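Colleague: To start, I am sharing the structure in question, which I have written as structure tokens.
The values are calculated or read from the model by the stated rules, or taken from the named source; none is laboratory data. Just so it is clear, the model here is predicted, and its values are computed rather than measured. Glycine gets a Cβ as well: all are built from the backbone with ideal geometry, and neighbour counts include every protein chain shown. Remember, those area values only see protein heavy atoms, side chains included, never the ligands or the DNA or RNA. Shrake-Rupley method; radii C 1.70, N 1.55, O 1.52, S 1.80 Å.
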4 protein chains.
Amino acid sequence: MNQQTIDRIRKFTEDRDWDQFHTPENLAKSIVIEAAELLECFQWSDSDYDLQHVKEELADVLVYSRNLLDKLGLDEDEIVNMKMTQNEMKYPSEKAKGNSIKYDKL
Amino acid sequence: MNQQTIDRIRKFTEDRDWDQFHTPENLAKSIVIEAAELLECFQWSDSDYDLQHVKEELADVLVYSRNLLDKLGLDEDEIVNMKMTQNEMKYPSEKAKGNSIKYDKL
Amino acid sequence: MNQQTIDRIRKFTEDRDWDQFHTPENLAKSIVIEAAELLECFQWSDSDYDLQHVKEELADVLVYSRNLLDKLGLDEDEIVNMKMTQNEMKYPSEKAKGNSIKYDKL
Amino acid sequence: MNQQTIDRIRKFTEDRDWDQFHTPENLAKSIVIEAAELLECFQWSDSDYDLQHVKEELADVLVYSRNLLDKLGLDEDEIVNMKMTQNEMKYPSEKAKGNSIKYDKL
């Protein structure tokens, strides 16, 4: 996400005085609520979905995720790289290649 | 997310030959599964949470969201700005300021 | 669910003095967390799932749903029948037969 | 849930020829989608919620859970009692009493 987009999200919250509702818990609830709306695009079919609707719901997940990063003062690249280091250790490519088995069963 | 982080996520998937599992539907399921694990950090308390755990679960949401953007060939800034335009119209600041009422009740 | 099972769930909560944690909001979070664990059984495949794991996660959804019914003093049959009346009106069988279109598009 | 309510749910599905959409995976998705709609009643507040809306969303969770029990030929009391036995072992009342710590940290 570029700085202009991030600034737009922050201004949206500030203009509405919504920071008071953005506790970490409320944002975590909001992310799962939007993620479930994204899933609803695929409720009865994995192939016949409304791409515009998918875009809107995925955007909502990304906006609330940005709100939570901001609220907790986190750097997106830092936490994602920290997690990717964990993932690379949990799923060594020689073992995980071509299968979707969970790490604790690998 | 910077390009280096995006490239790391893509390489992780390629090295494990996991693109075959990354259908849009499977990624939507994965986002909601990780979002619920994020919510679990706040299951019984809104204040007493494990920040390291929150970082890991939020990172998982962001990684699967990046996978879905890639899978559908979407630009993050484009879809977020499109949605923010909708949000700004649905929640005019003079009406929405300081309250958390849903747009269809505003 | 028969009365004996309901009583066992209630006794479990009472013996651990857990009613204090069972606010409606916490139970709603718990239901979605367990529902996502149920979905995890189908994360990468719709056919290759662990039935024992499915049973356990579905049971968790049912237990927390029972906790929420109890907390709010609701009768399961009453609310389900109220909702089925709504569903029958929203999805008249002649229109809805054999398709999975959402009621607002029917 | 009494037999009459169960029969009504089954008839609703049959009359609409919807059994074809009720794969275990689709029902698991549906349960989490409805659970998130239930959570939405508590998105910004744990105390100021619309009870009628809560009833409707909880009913949806219960209806899809019943559909999944039916689809997999499961007995609700059997799976709930099986899980309660596990819970009673994972959370011995002397250890778990009055705290909400997860079993793997008890």
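Colleague: Taking residue A:93 as the residue in question, decide whether it is closer than 30 Å to residue D:64 by Cα and not acidic (Asp, Glu).
Modeller: So residue A:93 does not fit the description; no.
Colleague: If you scan segment C:58-79, which residues turn out to be touching a helix residue (DSSP H, G or I) at 6+ places or on another chain (Cβ under 6 Å), free of Cβ contacts under 8 Å to residues at least 24 places away in the same chain and within 10 Å of residue D:58 (Cβ to Cβ)?
Modeller: C:69, C:79, listed by residue number.
Colleague: Scan segment B:23-51 residue by residue and report those that are within 15 Å of residue A:68 (Cβ to Cβ) and either touching a residue at least 24 places away in the same chain (Cβ under 8 Å) or part of a helix (DSSP H, G or I) (or both).
Modeller: Those that are within 15 Å of residue A:68 (Cβ to Cβ) and either touching a residue at least 24 places away in the same chain (Cβ under 8 Å) or part of a helix (DSSP H, G or I) (or both): B:31, B:34, B:35, B:36, B:37, B:38, B:39, B:40, B:51.
Colleague: Please list, ordered by first then second residue, the pairs with beta carbon atoms under 9 Å, 6 or more apart or interchain, first in segment D:86-100 and hydrophobic (A, V, I, L, M, F, W, C), second part of a loop (DSSP other than H, G, I, E, B).
Modeller: D:96/C:16; D:96/C:17; D:96/C:18; D:96/D:106
Colleague: Could you list, in sequence order, all residues of segment B:87-106 that are outside any loop (DSSP other than H, G, I, E, B) and more than 7 Å from every other protein chain (Cβ to nearest Cβ)?
Modeller: Passing the criteria: B:89, B:90, B:94, B:95, B:103, B:104, B:105.
Colleague: Which residues, counting only those in segment D:1-17, are assigned to a loop (DSSP other than H, G, I, E, B) and in contact with a helix residue (DSSP H, G or I) (Cβ under 8 Å, 6 or more places away or on another chain)? Give the derivation first.
Modeller: Step one: list which residues in segment D:1-17 are assigned to a loop (DSSP other than H, G, I, E, B), which gives D:1-2, D:16-17.
Within segment D:1-17, D:1, D:2, D:16 qualify.
Colleague: Are any residues in segment A:67-106 at pLDDT below 95 and either within 30 Å of residue A:20 (Cα to Cα) or open to solvent by less than 20 Å² (accessible area, probe 1.4 Å) (or both), and if so, which ones?
Modeller: Hit for segment A:67-106 is A:96, nothing else.
Colleague: Take the residues in segment A:1-18 that are in contact (Cβ under 8 Å) with a residue 24 or more places away in the chain and open to solvent by 10 Å² or more (accessible area, probe 1.4 Å); name whichever of them is farthest from residue A:80 (Cα to Cα).
Modeller: A:13
Colleague: If you don't mind, another one. Aromatic (Phe, Trp, Tyr), more than 10 Å from chain A (Cβ to nearest Cβ) and either open to solvent by less than 40 Å² (accessible area, probe 1.4 Å) or not in a loop (DSSP other than H, G, I, E, B) (or both), is that true of residue D:64?
Modeller: Answer is yes for this residue.
Colleague: Every residue in segment B:24-45 that is closer than 15 Å to residue D:25 by Cα and β-branched (Val, Ile, Thr), please.
Modeller: The answer is B:32, B:33.
Colleague: Please enumerate the residues belonging to segment D:36-61 that are among the β-branched types (Val, Ile, Thr) and open to solvent by 20 Å² or more (accessible area, probe 1.4 Å).
Modeller: The first filter runs over segment D:36-61 and keeps only residues among the β-branched types (Val, Ile, Thr), leaving D:54, D:61.
None; the set is empty.
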